[in-house]
1. Would you please list the contacts, defined by Cβ atoms under 9 Å and residues six or more apart or on different chains, that run from a residue in the stretch 121-133 that is on the phi > 0 side of the Ramachandran plot to a residue that is open to solvent by 10 Å² or more (accessible area, probe 1.4 Å)?
2. Taking GLY77, is it open to solvent by less than 30 Å² (accessible area, probe 1.4 Å), closer than 30 Å to LEU160 by Cα and of a type in the set (Gly, Ala, Ser)?
3. Looking at ALA59, ALA49 in this structure, which one is outside any loop (DSSP other than H, G, I, E, B) and hydrophobic (A, V, I, L, M, F, W, C)?
4. Is it the case that GLY145 is in the same structural domain as GLY118 (by the TED database) and at positive phi?
5. Could you go through the stretch 84-100 and let me know if any residue there is farther than 30 Å from ALA153 by Cβ, open to solvent by 70 Å² or more (accessible area, probe 1.4 Å) and either in the same structural domain as ARG148 (by the TED database) or of a type outside the set (A, V, I, L, M, F, W, C) (or both).
Amino acid sequence: MLRKGKVTMTDQAARKETNRDRVRRLLISPLDDLGYQRPSKIKAEPWAAELVKLCDDLAYLSDHDLATLFQMLRAKGQGKLRKEWLRRGPILSFAHVVCERPVEELPNLVSWFRSVEGPRARLQGVLVNEFEFFARHHRPPLNDGEHRRIRDAAAADRRLAQLLAERGSLDPQDMARLALVAQITARVEAVMDCKAEDAA
């Protein structure tokens, strides 16, 4: 009979690896094994919290991408002895080079379109154009000028759709734009309709 609390191989195999675990296994632990240490000016608890945030930020990367990121970071030690970890910001910059994060996974975008702002943009007919603005700037529109440009872009898209309905066809560039509008509509609607995933 197994003693209480003893973990068997079956138990370990049954345990599902979370995205945080996967990032730790493929990136954090290998860098720790190379001798990287937390930055000297940061205490242990804030650094542990920063690593959790980093794992969540990098969860979109594939195993191959994480291995590539490890190779990029293995010679990027900081401090006098070049043995301290980079901070989260620079690491995210390297990750962006490896693979740009899908805009649908930006937490501020998700929360924006799942709030009252998503239905408002849909009602005003600017959903696609506001999503495109967010994709470019990684933030929502903040002033009258930005909102006006979004409305103008939406009006241009509606004119194209009306012309297509009237003529039956448009030039290839305009047809491509309308196809993109349909694609983005599906993407942003999925963001709005999908329930937030449980935290890893």
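1. Short answer, once both residue conditions are applied: GLY125/ARG151; GLY125/ALA155; GLY125/ASP157; GLY125/ARG158.
2. On the way: open to solvent by less than 30 Å² (accessible area, probe 1.4 Å): yes; closer than 30 Å to LEU160 by Cα: no; of a type in the set (Gly, Ala, Ser): yes.
It is false that GLY77 is open to solvent by less than 30 Å² (accessible area, probe 1.4 Å), closer than 30 Å to LEU160 by Cα and of a type in the set (Gly, Ala, Ser).
3. Numbers: ALA59 fails: outside any loop (DSSP other than H, G, I, E, B).
Selected residue: ALA49, the only one of ALA59, ALA49 that is outside any loop (DSSP other than H, G, I, E, B) and hydrophobic (A, V, I, L, M, F, W, C).
4. Details: in the same structural domain as GLY118 (by the TED database): yes; at positive phi: no.
No.
5. Yes; the residues of the stretch 84-100 include at least one that is farther than 30 Å from ALA153 by Cβ, open to solvent by 70 Å² or more (accessible area, probe 1.4 Å) and either in the same structural domain as ARG148 (by the TED database) or of a type outside the set (A, V, I, L, M, F, W, C) (or both).
The values are calculated or read from the model by the stated rules, or taken from the named source; none is laboratory data. None of the values given here were measured: they were computed from a predicted structure. Neighbour counts are summed over all protein chains in view; Cβ atoms, including those assigned to glycine, are modelled from backbone coordinates with ideal geometry. Note: accessible area is taken over every heavy atom of the protein model, side chains too, but ligands, DNA and RNA are not part of it. Shrake-Rupley method; radii C 1.70, N 1.55, O 1.52, S 1.80 Å.
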